[in-house]
Amino acid sequence: MAKHKVHYEFPMHCLSEILYEYLATAEGLSEWFADEVVEKGDDFFFSWGGGPAEKATLIRYKPEGFVRFRWEEDEGTKNFFEMTITIDDITEDLALNITDFCEEGDEEENAMYWENLIENLRIKLGAA
């Protein structure tokens, strides 16, 4: 079954430079996204609860702007997950925008998954 694109936006109360480190480095990602993250070049290996590592490749990035990963299972598709830092030109409010792909009917579960992850990130950042 084909996956479709979903978007989420989360207001964040921190500096973009610090947030980017939590999005683009193995050390930062292991603080909130997975139990363990190992980086080998553009490949990141994520593991949870001692289970087998899942591979995602960093396919695009812009320092202090965004990171885009593609899971190994999505190779050969247009599916990815992207975390983008945006700053409002007028208010200077910072937000983390998530683009992901999920199966039809899994939208609510996927949204809750990201909400929980971002709550963990906010706690780590002291921005909860």
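The values are calculated or read from the model by the stated rules, or taken from the named source; none is laboratory data. Since this is a predicted model, take the numbers as computed values, not measurements. Every residue, glycine as well, gets a Cβ built from its backbone with ideal geometry; the counts of neighbours run over all protein chains shown. Areas reflect the complete protein model, heavy atoms only, side chains present, ligands, DNA and RNA absent. Shrake-Rupley method; radii C 1.70, N 1.55, O 1.52, S 1.80 Å.
In order along the range 9-25, the phi-based Karplus estimate (6.51 cos²θ - 1.76 cosθ + 1.60, θ = phi - 60°) of 3J(HN,Hα) comes to 10, 10, x, 10, 10, 6, 7, 4, 4, 5, 4, 4, 4, 6, 9, 10, 10 Hz; Gly and Pro are listed as x. The length gained on full extension between residue 109 and residue 95, counted as 0.36 nm times the residue separation minus their Cα-Cα distance, comes to 2.9 nm. Stretched out straight at 0.36 nm per residue, the stretch from residue 120 to residue 62 would grow longer than its current Cα-Cα span by 18.5 nm.
Label sites at residue 87 and residue 53, each approximated as a point 7 angstrom past Cα along Cα to Cβ, lie 3.4 nm apart.
For the range 32-100, what is the accessible area per residue in Å² when the probe is 1.4 Å?
Per residue, the range 32-100 has 58 Å² of solvent-accessible surface.
Tally up the carbon and sulfur contribution to the accessible surface of the range 2-123 as a whole percent, 1.4 Å probe, everything protein left in place. Exposed carbon and sulfur together represent 48 percent of the surface. In this simple spin-label model, placing a label point 7 Å from the Cα along the Cα-to-Cβ direction at both residue 74 and residue 36 gives a separation of 2.4 nm. Extent along the principal axes, Cα only, for the range 57-128: 38, 27, 23 Å, with the longest axis given first. The share of Cα pairs per 10 Å bin across the range 2-64, counted from zero up to the longest distance, runs 19, 44, 34, 3 percent. Determine the calculated [θ] at 222 nm for the chain from helices alone, applying -39500 (n - 2.57) to every DSSP H run no shorter than 4 residues and normalising by the residue count; nearest 500 deg cm²/dmol. Computed mean residue ellipticity for the chain: -8500 deg cm²/dmol.
Using the Cβ of residue 50 as centre and a radius below 9 Å, the other residues enclosed give a net charge of -2, where K and R count +1 and D and E count -1.
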